[in-house]
Structures are given as structure tokens and as C-alpha cells.
Amino acid sequence: MLSDITIGQYFPGGSLLHRMDPRVKIVLLFFFLIGIFFFDTVGAYIVFSLLTGGLFYFSGIPMRMMTKSLRPLLWIILFTFAIHLFSTPGEDIARIWMFHVTWEGLGKGIFISLRLVLLILLSSLLTFTTSPLKLTDALERLLSPLKRVGVPAHELAMMMTIALRFIPTLIEETDKIMKAQQSRGSDFTTGNLMQRAKQIVPVLVPLFISAFRRADELAMAMEARCYHGGEGRTQMKVLRVSSIDYVACGASVLLCGMLALLKWNNL
Amino acid sequence: MSIEIKNVTYTYMPKTPFERTALKDVDLVIEEGSFTAIAGHTGSGKSTLVQHLNGLLEPTSGQVLVDGVDLNGKGSKSEKLAARDARRKVGMVFQYAEHQLFEETIFADIAFAPRNLGLGEEDVEARVKEAMSLVGLGYEEFKDKSPFQLSGGQMRRVAIAGILAMQPKYLVLDEPTAGLDAAGKNKLIQEILQLHEKKHITMIFVSHNMDDIACLADKVLFMNQGRVLLYDTPARAFQAKDTLQEAGLCPPQIMSFLEDLRDAGIPVDTNALTVEEGIANIMKAVKGKNG
Ligand SMILES: Nc1ncnc2c1ncn2[C@@H]1O[C@H](COP(=O)(O)OP(=O)(O)OP(=O)(O)O)[C@@H](O)[C@H]1O
Ligand SMILES: [Mg+2]
């Protein structure tokens, strides 16, 4: 049923990656993503691949999650590969009708696909090892300098937190309402498109009513606890940059230097 | 004729890290015409069990038969139709049933089920009228009102009427009185008893209130961690103190009270399920002492 869906990709764990400060993780991820575009040599990509594989291994995320995070974008990756394969001029391997498959194309196709795969895997590593709450918290912190120019950083983060918090609740609620209407003879599995569309109304109306009721109750409960926006608000779990984060930053800088050397030597 | 639950095991979200077996080898028969109460700790699997009775959940292993028909019959077309009809014999009132209301008028909401059954408008109207009178809502007064203008107790009545309009032979009530005030609760309990006695609907009643269970039920089922702990008449069930304790339940207040009296030295018979029986026992004890 609906309850089988698991929302969010967070995988609880205690690895070094899990324990890193989410702000540092976001910033480092950002630099790595830029790095992947900037250091576009074969040597650099071998280093990046090893790095990604290693991080996955040490974070304790099951390897099948790697393929799972790639699957939604599989077609884009294949499409990109095909375009480069067929459209790069160079030495022919084969000819299919009016298309030339070239050695250069093959190399470039693999290269670009690998770039996409690395981008996806590194980004999903962030969501795999960081709970949604920490993630929004970190975003709020990183965006807070923009408060001065009128970006409502706290409110945005709060909205994200609440939305994430209520996704499972709403799924559960939908499940319950569907069961209740099934008990009254609703049938969600047979009938043509029109009939099925009609069956959605008895689910959507109670769902909306309950969502509004919950929103109302939540607002009331927040108000009762003197919530008044982000001004002067402190946190129970304060984000702290620890030694792990310094080591990670240091290692990243070293890696950067190494990659720069590789690029300089055209490897 | 009966509901037979044969060796039912149910696992939520199998093959995921969140896997949880909520029912283990549940095996029992609910006789037609009985009033069965189901009690147990929070999370003991009561709601999971009753959702099997009209096919909302399909057993991971085992079978549920209503009047001899397997609710999850999948074979031939006739078997599937029979299964569907068998499911419709069992009405299901969920906890906080008023959350399922969605129509603009009370009439339309109660008519939802009979219309889904494919009845003609005349039959639908007759059924709505009957269902409303069964739960004590005046037809003319309420039929054109919006269900959302009502009080919580009235909304719950509308929801129950929406199930009664299917004319179920068996009625499952999952904590029907949760969240109602004392007066509304008593009234609803009386109406449920009436339905059982006058319309001969077989009741399956999930409740945390041992006093209600002692008054109403003629069979009690105690659940603990997904297993059946005890399935017996209330008189015998409430005698089994150890079992009660294991399930994290207390005997009805009147029984505890009589036991306290006995421990204080008054030789009173502690076997009483209702307040009336309790009073009678006390009167007997007092008279015996004086005379
Ligand atoms: N939709 C679901 N998905 C996963 N697990 C569930 C689901 N519904 C119930 N469970 C689990 O199954 C177990 C039994 O739950 P159930 O709702 O049957 O308990 P209950 O006896 O009705 O409790 P209560 O008295 O609180 O209503 C619980 O441990 C619960 O966590
Ligand atoms: Mg329950």
C-alpha cells in the first residue's frame, strides 16, 4: 500500500560522513561539483571516481542505493552518451546509416556520462548521510547572511522542515481515508479513467480538511509556545564545526592541489 | 455462519528495514450473533486484526473466511465476486470515523455506500432513512445539513450511519467512543447495544474501556504483541488476573472495588461485570452479615 513508500533518502548511521557538520558538507559538495567541471582530465576523473566510491564505502550506505539514486536519471545519461558517441568528428569505428561512431566520440561519451554519474552520486551522498532536519538547519545558516538583503532564510527553512515533517503523516492519513472509503464500497482498482477520477474525490476532500485542521492546530501549538519567527531564536542542537570537519577540509584542499598538479601536467 | 480467522500472520512493510510483524498465528472463530470485544495494549495489533475482517489487509499467511468464503479468493471470476460480496457483509467503523466524511449534505454522505453498491435511488433513500434513525438522527432535520456543521459526536453518528446503510451482517467498531464526552459516549454505547439486540448485527468491538467491555460483550479477546492471549467469556476472562496483567490491562472498576471490599473483610462475591450485579452482591453480603 501507500505506507510502503519511504520518503527522504536519509540512511541513519554513525560514519564520519554522518557526523560531519552539514554546513561543511554542503560547502565541500559545492566545491567538488565545481571541481568536477574544472579538472576535466583523465587522471582527475580517476581520482574523483575513487573518492566517490571510497566515500560510499565508508559511509556504510548499501551499494544498491548507488544504483537506485542513478536510476531516475539513467535515460538522460544514456541520451548524453549517445549524442556524444554519434556527433563527435574523428576516426570511424563503425557507420550506422548516416551516423558515424568515432573513437573520439566513444571517449567523450564515456567522459561526459562519468561526469554526470559523479555529480549525481556525490550529491546523493549528502542526502543519504544528512537527516532532512540537519539539512534545512544548515541551509538556514548558510543563507542567513542573505537575511540582510531581505531573504527570509529562517522562514524558508521552517517551511521546509514542516513540509518534510508532515509528508509521512499525510501518507498515513491518505492510507486511512482510502481504507475507510473502501469499507464503504469505493473501488480504486477497477473502472475506466473517468470512474477512477471520481473515486479520488472522497479521498481528497477529507485529506484537505485534515491537512487544514492540522495546519491550524500546529499554528496554534507554535503560538502557544511563543513562536515568533527566527528573531533571537536559539537551538537545542547547535551545529558545531568539529575536528572531523577540519580534517575533511584539509584533505579537500590537498586533493585540490594534487588535481591542479595533474591538470598542469595534462594527465 | 461465522467469521473464521485461520492462522493469520501479518507483516507490515516486508523486506524493508521497517519490517514489523503485527499479527502472529492468530486463529479464532467469531460466531454469528455474538458481541465480541477486543482489548489489548497500544500496538498489540487490534486494528491490524480487524482490518483483515473485511479484506482491507490481506494476510501475509493464513486465511480469513466470512460465512465460509475466503475474503482473498483470487481464483476464478465467480470466486472473486463471492469474495467481494463476503467483504461487504462486514461493515467497518474506523477510529475517528468522522474523518471520512466528504459530501456536501448528510444525506449524500450516508448514501455514498448504498450508491456504490449499485442500488436505485428509492432503495438508497430508504436505507439512508433507516440508518439515520438507527443512530438517532432525525431525517428531516439533518438530511440537508452539511456534515461539517455538526458536533463531533453527531459527525461520528453520521459516519456510523454511512456504514449501517450497507446493512452489514457483521459490524466492526474500532474504538467508536474515542474522543467523545461522557454523555455522548454513553448514548453511543446504548445505540450500539440496540443495534445488536434489535437488528441482530454481530458486533466486533475494539475498546480500551474494560467497564464497557464487561457490560456489552459476551466474548472477550485479549491481544498481546500480535498474539491472542485469551479468548473467552467476560466472566472467565476477567478472572484470569495474571493474563490480564500480562496484557497490561485492568479488570473492570466494579470488580476491583469488590475485591477491595473483600480484602477489607467484607465477605462479598467479587464476580460482577456490571454495576447492578455489583450492587446486588454487596446487598447480599450486607444482608448475610446482619441476618
Ligand atoms: N501502516 C502501518 N505501517 C507499519 N506498521 C504499522 C502500521 N500500522 C500499524 N503498524 C504497527 O503494527 C503494530 C500493531 O498496530 P495496531 O494499529 O494494530 O495496534 P492497536 O492494537 O490497534 O493499537 P492502538 O490501541 O494504539 O490502536 C504496531 O506496532 C504498529 O507500529
Ligand atoms: Mg488501533
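Side notes on the structure shown:
- Chain-alone versus full-assembly comparison, the stretch A:188-230, residues with accessible loss of at least 20 Å² (1.4 Å probe): A:Pro202, A:Val205, A:Pro206, A:Ile209, A:Arg213
- Convex hull volume per residue for chain A, taking Cα atoms only, in Å³: 221 Å³
- Two-decimal ratio, chain B, of alpha-carbon radius of gyration to 2.2 N^0.38 Å: 1.10
- The interface between chain A and chain B buries about 1800 Å² of solvent-accessible area in total (1.4 Å probe, ligands and nucleic acids excluded).
- Residue-level accessible surface for B:Leu273, protein heavy atoms, 1.4 Å, Å²: 40 Å²
- Prolate/oblate/rounded label for the stretch A:152-233 (Cα gyration tensor, a/c 1.5): prolate
- Protection proxy ranking, highest mean first, for peptides B:130-137, A:241-248: B:130-137, A:241-248, where packing is the per-residue count of other beta-carbon atoms within 10 Å, averaged.
- Dimensionless Rg/Rh of the stretch B:1-156 - Kirkwood Rh, Rg from C-alpha atoms: 1.02
- Solvent-accessible surface ranking, highest first, for B:Arg227, A:Arg148, B:Arg87, B:Arg156 at 1.4 angstrom: A:Arg148, B:Arg227, B:Arg87, B:Arg156
- Residues A:Trp97, A:Trp103 ordered from highest to lowest accessible area at a 1.4 Å probe: A:Trp97, A:Trp103.
- Under the Debye formula (equal points on every Cα, no solvent term), log10 I(q)/I(0) of the protein assembly as shown at q = 0.06, 0.10, 0.13 Å⁻¹: -0.49, -1.01, -1.27
- Candidates A:Ile46, A:Leu29, B:Met203 compared by Cα position along the dipole of the protein assembly as shown: farthest toward the positive end lies A:Ile46, with charges placed on Cβ.
- Protein-only accessible surface at a 1.4 angstrom probe places the residues B:Lys15, A:Lys179 in the order B:Lys15, A:Lys179, largest first.
- Estimated from the Cβ-Cβ distance and a Förster radius of 41 angstrom, the FRET efficiency linking A:Ile200 and A:Trp103 is about 0.15.
- Computed magnitude of the charge dipole of the protein assembly as shown (debye, nearest 20; Cβ of K, R +1, Cβ of D, E -1): 1680 debye
- Calculated FRET efficiency for the pair A:Leu164/A:Ser242, C-beta based, R₀ 30 Å, to 0.05: 0.75
- Here the label points at A:Asp40 and A:Met220, each 7 Å from Cα along the C-beta direction, are separated by 5.9 nm in the simple model.
- Two-site FRET efficiency, A:Asn265 against A:Leu116, from Cβ-Cβ distance with R₀ of 22 Å, rounded to 0.05: 0.25
- Here the Karplus relation 6.51 cos²θ - 1.76 cosθ + 1.60, evaluated at θ = phi - 60°, turns the backbone of the stretch B:94-103 into coupling constants of 7, 4, 6, 4, 5, 6, 9, 5, 8, 7 Hz, with x for every Gly and Pro.
- Inter-label distance for B:Glu104 and A:Leu133, nm, one decimal - labels placed 7 Å from Cα along Cα-to-Cβ: 4.5 nm
- Extent of the stretch A:117-267 along its three principal axes (Cα atoms, max minus min coordinate, largest first): 71, 47, 29 Å.
The values are calculated or read from the model by the stated rules, or taken from the named source; none is laboratory data. As the structure is a computational prediction, the values presented were derived from the model and not from experiment. We place every Cβ from the backbone using ideal geometry, glycine too, and count neighbours over all the protein chains shown. Note: areas computed on protein heavy atoms with side chains; ligands, DNA, RNA excluded. Shrake-Rupley method; radii C 1.70, N 1.55, O 1.52, S 1.80 Å.
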